[in-house]
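See structure below.
The values are calculated or read from the model by the stated rules, or taken from the named source; none is laboratory data. A quick note: this is a predicted structure, and the numbers were derived from the prediction, not measured. Reconstructed Cβ throughout: ideal geometry from the backbone, glycine too, with neighbour counts over all protein chains shown. Surface areas here come from the heavy atoms of the whole protein model, side chains and all, with no ligands, DNA or RNA. Shrake-Rupley method; radii C 1.70, N 1.55, O 1.52, S 1.80 Å.
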Amino acid sequence: MEDVARVAGVSHQTVSRVLNNHPNVSSTTRERVEQAITELGYRRNTAARSLVTRRSQTIGVLGSEMAQYGPSRTLLGVQQAARDSGYFVSIASLREVTPASIKDAIAHFMDQGVDGIVVIVPHPGTFEVLQDVTAHVPLVAVGSAGDERLSGAMVNQRQGARLAVEHLVELGHTRIGHLSGPADWIDAAARIDGWRDAVTEAGLEPGAMIEGDWSAECGYRAGLSIAQERTVTALFVANDQMALGVLRAFHESGVQVPSDISVVGFDDQPESAYFIPPLTTVAQDFEELGRRSIDLLVERLEGGDPRPAVTVEPYLVVRSTTATFSN
């Protein structure tokens, strides 16, 4: 910094103000300092800076099931929001979700000196484990309502399922089945609850429910079974990947979508608009979820107390896999 100050003809303090985007620096001076930085190839010594500020400007992100669309997009949203807030991200992805693996990952982050931790592990037991962890840094649990120790950020999964079912009810469907995600996933359980709530409030009996595993292959197998039994006129599928498999199975079985059976997915992944037919689905704003998570974490880093979970609302995207049903 002293070399930069000498070349730019300013004080050490002025260089520091430019590096920290302080407003009380003229545009001419700022330009001169930035030019000197470029000429000298100056880079901050982050290790030395962290000793002074006691901040590493790094956030640990603990994740699992990153091959799945939801967790992977949430991670991207968190990464982007962290960069926008001036933080780097260190990622630990769990191969197996166990209390020991979660605690080991948190300990690893503490050894790295992270300023805070975002947890994207969509299993109910995760939050129980976090209650027993002494992290000494703020924690934000994605998918959790939080508590007095944890801050939480979540998409209203239950409402998303309700939107899907209410749309089908409005189209005249009375036998609405559900292809769910794995029972040990928080999001899957919430979507099951939303499906049941909406069907019951419409005065209908829930149609058949099949538990899936999020994969297109699983959707295909379930779709073949549903096409053979034909006990429902509409199907709410817990994610778009399984819906893709369902659509293929229906096509091969001679079931017309949407004239024979209407289908609604969940996630609104980019390819969903290009399925045949284009998929009606419930969209989640993962970038917004990432921003909300990082906002909560930064708020805690600045001395704020944990507060109730921030919730991102989903919305319905109507395409070509749903239509009015008439007997």
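In a reduced charge model with +1 at each Lys and Arg Cβ and -1 at each Asp and Glu Cβ, the chain shows a dipole moment near 940 debye about its Cα centre.
Taking the mean number of other Cβ atoms within 10 Å as a proxy for protection, how do you rank 73-83, 95-105 from highest to lowest?
Most protected by this proxy first, the peptides run 73-83, 95-105.
Springs between Cα atoms under 10 Å define the GNM used for the chain, and in it the highest mean-square fluctuation of ASP132, ASP295, ASP197 occurs at ASP132. For the stretch 223-327, applying the loop criterion from DSSP together with a ceiling of 11 other beta carbons within 10 Å to the GluC sites (Glu not before Pro) yields GLU302. Largest GNM mean-square fluctuation among SER56, SER26, SER151, using the chain with Cα springs under 10 Å: SER26.
For the chain, what does the accessible surface come to per residue with a 1.4 Å probe? Please give it in Å². Walk me through the numbers on the way to the answer.
On the way: 15810 Å² over 327 residues.
On a per-residue basis, the chain sits at 48 Å².
How large is the convex hull of the C-alpha atoms of the chain per residue, in Å³? Numbers along the way, then the final one.
Details: hull volume 53.0 nm³, N = 327.
Expressed per residue, the convex hull around the Cα atoms of the chain is 162 Å³.
Counting only protein heavy atoms and using a 1.4 Å probe, what share of the accessible area of the chain belongs to carbon plus sulfur, as a whole percent? Exposed carbon and sulfur together represent 47 percent of the surface.
Mean residue ellipticity at 222 nm, helices only, the chain: -14000 deg cm²/dmol; runs of at least 4 DSSP H residues each add -39,500 (n - 2.57), and the sum is divided by the number of residues.
Mean-square fluctuations from a GNM of the chain, with a 10 angstrom spring cutoff on Cα atoms, peak among ALA135, ALA188, ALA153 at ALA135.
The trypsin sites (Lys or Arg not before Pro) of the stretch 187-281 that meet both conditions, a loop assignment by DSSP and at most 12 other Cβ atoms within 10 Å of the site Cβ, are ARG230.
Projection of the Cα convex hull of the stretch 34-179, averaged over all directions and equal to a quarter of that hull's surface, yields 13.3 nm².
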